[in-house]
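Undergrad: Take a look at the following structure, please.
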Amino acid sequence: MKLDSSISAVVTGGASGLGEATARALAAHGVKVALFDLQEEKGEKVAKDIGGVFCKVNVTDDASVDAGFAKARAAIGQERILVNCAGTGNAIKTASRNKETGAPESFPLDKFNLIIQINLVGTFRCIAKSAAGMMTLDPLPDGDRGAIVNTASVAGEDGQIGQAAYSASKAGVIGMTLPIARDLSREAIRINTILPGIFDTPLLAGAPEKVRQALGAQVPFPSRLGQPDEYANLALTMIQNGYFNGEDVRLDGAIRMAPR
């Protein structure tokens, strides 16, 4: 897919971190970009910077996602590109002991379900609705009708202590990539997934510098935190390379996560 001003894109989680970097990279190629996010102030600023449109969207809510796509398509046209970066996590053991009483406690299911709803179901919701919209378009000269990039995590393959919900949600994104690629193959819509390692995103921005350095030192090479631009570069490669389809790719400096 050739990236230029004739192409429109939707980036979820586009107000910061990996999503922001990808939105800026797409816009630098002339692509018209809509940002889906709950961070209204940040999202509006990024949208203004790149000449795009911000849509306040909660990916766990059908009506909110529908309204976001409607606003985006009214402003920049039907998207041919969807990049899913919206997500979150928590750190709770499957079962543990209360620090004060020592009594056994289990993972609260509402907190488990929330991570699944945002990271897995929210991603699928956006994929399904975007793909249906892409199907209304004619294929481009290169044969592509659309391209989708998802964000999983290395935790989907080697999750750490306390990451049961997060790992399950990201493993689900990995697991659905190939079936969706097969579902959409006759419609000329491609889908791939990136598994980032330890990246320098807003989640780590508030961590003490010693902690950030220690995390980076765990990476075999290069021994540092990943940069959002490096994620964006891979996302653009997946979009532009027409033979890239149905793949899950680690972007992690060869790290394999230890138990903790």
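No value in this document is a laboratory result; all are computed from the given coordinates. A quick note: this is a predicted structure, and the numbers were derived from the prediction, not measured. Cβ sites come from the backbone with ideal geometry, for glycine too, and all protein chains shown count toward neighbours.
Undergrad: Of all residues in the range 124-168 being aliphatic (A, V, I, L, M) and part of a loop (DSSP other than H, G, I, E, B), which is surrounded by the most Cβ atoms within 10 Å (Cβ to Cβ)?
TA: Across the range 124-168, the extreme among qualifying residues is A152.
Undergrad: So, one more: Take V219 and tell me if it is more than 27 Å from Q78 (Cβ to Cβ), surrounded by 17 or more Cβ atoms within 10 Å (Cβ to Cβ) and of a type in the set (V, I, T).
TA: Taking the combined requirement at face value, the residue satisfies it.
Undergrad: Give the residue that is farthest from A23 (Cα to Cα), with candidates limited to residues of the range 80-104 that are of a type in the set (S, T, Y) and surrounded by 11 or more Cβ atoms within 10 Å (Cβ to Cβ).
TA: S96
Undergrad: Here is a check on your reading of the model: is I180 touching a residue at least 12 places away in the same chain (Cβ under 8 Å), of a type in the set (A, V, I, L, M, F, W, C), closer than 19 Å to S130 by Cα and touching a helix residue (DSSP H, G or I) at 6+ places or on another chain (Cβ under 8 Å)?
TA: Yes; evaluated as a whole, the condition is true for this residue.
Undergrad: Further question: Are any residues in the range 55-72 surrounded by fewer than 17 Cβ atoms within 10 Å (Cβ to Cβ), touching a residue at least 24 places away in the same chain (Cβ under 8 Å) and more than 17 Å from L114 (Cα to Cα), and if so, which ones?
TA: Within the range 55-72, D66 is the sole residue that qualifies.
Undergrad: Further, regarding this structure: Which residues, counting only those in the range 18-46, are under 22 Å from R125 (Cβ atoms) and buried (at least 22 other Cβ atoms within 10 Å of the Cβ)?
TA: Of everything in the range 18-46, those that are under 22 Å from R125 (Cβ atoms) and buried (at least 22 other Cβ atoms within 10 Å of the Cβ) turn out to be L18, G19, E20, T22, A23, L26, V33, A34, L35, F36, D37, G43.
Undergrad: Then there is this: Give D4, D66 a once-over and let me know the one that is of a type outside the set (S, T, Y), over 17 Å from the mean Cα position of the chain (by Cα) and closer than 21 Å to E230 by Cα.
TA: None of the other options fit; the residue is D4.
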